[in-house]
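These notes are about the structure you will find just below.
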Amino acid sequence: MSGTFVAVVGPSGVGKDSLIGFARERLEAGGRVSFVRRVVTREADGGSEDHDSMDEAAFAKAEAAGEFALSWGAHGLRYGLPVALEVDLEAGRVVVANLSRGMIPALVARYPDALVVAVTADRAVLAERLAGRGRETAESIRQRLDRNAGDGLPASTVRIDNSGALEVAGVAFTRLLMDAAGVEA
């Protein structure tokens, strides 16, 4: 495959989906960068990422049939990236997906040339964002914040700080994708 898989990782509340959306608005129409829509065993709502929904049984059936390039469980949910993303990789496109940090070994095994982008933010910023979503208790937010965000990431990981204005980190992320895709500014 001649394309590049770009895995965006980081703790909940860091703004991965916001960065991906920022870049999507600027790059998707050009056709060199593709943004993967995840499949999640949670109903889509306005407060979470834009994703396709499946119930547990349908997800298990799709997984068994090989319909996911990568799949994993986290926080009581199942996540999958449709295997169709490989069509874009074979066509030489940059493929961008929000991925669990725990999936990095499987990612690199399947796509050895993958690029990992770790999105970070100050602890206080993360706490505020998580609390603002209203989906978790104060204790579960504290537990999330206490997890080590750096475990298992390759030395080549690119880090983008999203503590401030989205545009600052968004421009950095968009430029990174443009470079990977060979797109001129």
Given all pairs of distinct Cα atoms, the chain yields a Kirkwood Rh in Å of 17.0 Å
Of all DSSP beta bridges with both partners in the chain, the antiparallel percent, nearest 5, is 30 percent
Using alpha-carbon coordinates alone, the radius of gyration and Dmax of region 84-185 in Å work out to 15.8, 46
To the nearest Å², the heavy-atom accessible area per residue of the chain with 1.4 Å probe amounts to 50 Å²
Low-density loop GluC sites (Glu not before Pro), region 69-148, at most 12 other Cβ within 10 Å, DSSP non-H/G/I/E/B, are none
Computed on Cα atoms only, the convex hull of region 67-113 has an orientation-averaged projected area in nm² of 3.4 nm²
antiparallel share of DSSP beta bridges within region 27-112, to nearest 5, in %, is 60 percent
In vacuo Debye sum over C-alpha of region 25-119, base-10 log of normalised intensity I(q)/I(0) at q = 0.18, 0.21, 0.24 Å⁻¹, listed in q order, is -0.91, -1.21, -1.44
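The values are calculated or read from the model by the stated rules, or taken from the named source; none is laboratory data. On a predicted model such as this, the values are computed, not experimentally measured, just so you know. For neighbour counting, all protein chains shown are included, and Cβ atoms are generated from backbone atoms with ideal geometry for every residue, glycine included. What goes into the accessible areas is simple: the full protein's heavy atoms, side chains included, and nothing from ligands, DNA or RNA. Shrake-Rupley method; radii C 1.70, N 1.55, O 1.52, S 1.80 Å.
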